[in-house]
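Heads up: the structure comes next, in structure tokens.
The values are calculated or read from the model by the stated rules, or taken from the named source; none is laboratory data. Note that the structure is a prediction, hence the values are computed from the model and not measured. Cβ placement follows ideal geometry from the backbone for every residue including glycine, while neighbour counts extend to all protein chains displayed. These area figures cover heavy atoms from the full protein model, side chains too; ligands, DNA and RNA do not enter into them. Shrake-Rupley method; radii C 1.70, N 1.55, O 1.52, S 1.80 Å.
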Amino acid sequence: MYMNLRGSFDRCYYCHITRCGGTTINRTFFNAFDDGTGYLYREATRDNAVLHNGLVFTERTSELIEAGEFTYAFSHTPYYKLKLPDRTFRITSFRDPAARIISLYRKLKYQNQTPQGRARYAKQLSWLGDSFSDFLDAIPERHLLRQLYTFSPSLDPDEAFSVICSLNAYFFIEDIEPSLQLLSTLFDKTFVYSPPPRHFSKPLHVHEKQILHSRLKKEYALTQQLRKAYNFIGFPFSRIAQGAGY
């Protein structure tokens with residue numbers, strides 16, 4: 001895990017990158033504040049700002065986030081598009097790039113099986129086509145390289161790395177359990193990790209693996225730098241995702 005702790009903090013903002021464990025992380029934080037009732041997460045993800053025991057929790061409400069009117073907030077907004085106030089603890093999580101894209105593909109295939117999923121993810125489902133290769137051809141680059149794009153609009157790994165190192169903490173979801181244990185100590189809260197459900201599909205063909213890794217070269221350049229920058233003494237470097245199905 002990487003930590004950059006300077007000064008004191010009044011609030012926490014989680015930069016949520018799609019398919020990087022964000023739903024699990026947000027649930028874990030919210031459940032620690034509402035004793036696991038699920039109330040905070042359920043209400044906050046309805047685009048509400050929720051007041052609970054004198055604390056404010058919100059998602060995607062940019063006005064509140066930039067005003068600092070929250071205790072814990074998260075959004076998918078690229079980091080460079082937000083102006084976060086001082087004394088905000090800023091955290092994010094990353095994932096092996098190929099594992100993230102495969103996870104996104106599996107999720108969309110799963111959502112395409114239900115009327116609710118087809119309505120909610122209509123735009124993303126248009127990327128699927130008839131094969132994984134079709135999906136890679138159709139997905140916009142800013143979504144393919146979302147871990148990179150979130151911190152660099154020009155998709156520059158060095159620029160993104162510099163910005164990410166200005167955050168207060170980041171980790172890879174391959175290390176989510178020990179990372180949450182460290183954050184439990186830092187926040188003086190009990191964070192209980194619950195593994196999310198997995199969506200399975202058949203493994204990729206060799207040529208699909210080759211195309212995928214070729215398309216993700218820039219993001220692998222970034223994540224390799226991020227792994228090397230782990231600085232918490234005694235904490236293991238992030239492992240390459242196991243069982244990713246590719």
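Hey, among the residues in segment 1-51 that are in a helix (DSSP H, G or I) and of a type in the set (S, T, N, Q), which one's surrounded by the fewest Cβ atoms within 10 Å (Cβ to Cβ)? Residue satisfying both the conditions and the ranking: 23.
Looking only at residues in segment 162-181 that are modelled with pLDDT under 95 and open to solvent by 50 Å² or more (accessible area, probe 1.4 Å), the one that is farthest from residue 147 (Cα to Cα) is 181. Only a single item in (1) more than 23 Å from residue 84 (Cβ to Cβ); (2) open to solvent by 50 Å² or more (accessible area, probe 1.4 Å); (3) touching a residue at least 40 places away in the same chain (Cβ under 8 Å) is not met by residue 204, and it is number (2). Cβ-Cβ distances below 6 Å connect the following pairs, each with a first residue in segment 37-53 that is closer than 16 Å to residue 25 by Cβ, a second residue that is among the acidic types (Asp, Glu) and surrounded by 12 or more Cβ atoms within 10 Å (Cβ to Cβ), and a separation of six or more residues or different chains: 40/34; 44/59; 45/59.
Condition check ((1) modelled with pLDDT of 95 or more; (2) in contact with a helix residue (DSSP H, G or I) (Cβ under 8 Å, 6 or more places away or on another chain)) across all residues:
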residue: 86; (1), (2): no, no
residue: 92; (1), (2): yes, yes
residue: 95; (1), (2): yes, yes
residue: 109; (1), (2): no, no
residue: 115; (1), (2): no, no
residue: 120; (1), (2): no, yes
residue: 127; (1), (2): yes, yes
residue: 154; (1), (2): yes, no
residue: 157; (1), (2): yes, yes
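Just checking, which of 62, 93 is touching a Gly at 6+ places or on another chain (Cβ under 6 Å) and touching a residue at least 12 places away in the same chain (Cβ under 8 Å)? 93 is the lone residue from the list that is touching a Gly at 6+ places or on another chain (Cβ under 6 Å) and touching a residue at least 12 places away in the same chain (Cβ under 8 Å). Only a single item in (1) among the small types (Gly, Ala, Ser); (2) closer than 23 Å to residue 222 by Cα; (3) surrounded by 15 or more Cβ atoms within 10 Å (Cβ to Cβ) is not met by residue 184, and it is number (2).
I'm checking my understanding of the structure. Among residues of segment 52-61 that are open to solvent by less than 60 Å² (accessible area, probe 1.4 Å) and out of contact with any Ser or Thr (no Cβ under 7 Å at 6 or more places or on another chain), which one is nearest to residue 78 (Cα to Cα)? Top of the filtered list is 61. Between 93, 103, 75, which is open to solvent by less than 10 Å² (accessible area, probe 1.4 Å) and in contact with a Lys or Arg (Cβ under 6 Å, 6 or more places away or on another chain)? Only one candidate qualifies: 75.
So in segment 202-242, with the set limited to residues that are more than 21 Å from residue 131 (Cα to Cα) and among the small types (Gly, Ala, Ser), which one is modelled with the lowest pLDDT? Talk me through it step by step, then tell me what you get.
Step one: of segment 202-242, the residues more than 21 Å from residue 131 (Cα to Cα) are 217-242.
From what is left, the residues that are among the small types (Gly, Ala, Ser) are 221, 229, 234, 238, 241.
Numbers: 221: 98, 229: 94, 234: 49, 238: 42, 241: 38.
Of everything passing the filter in segment 202-242, 241 is modelled with the lowest pLDDT.
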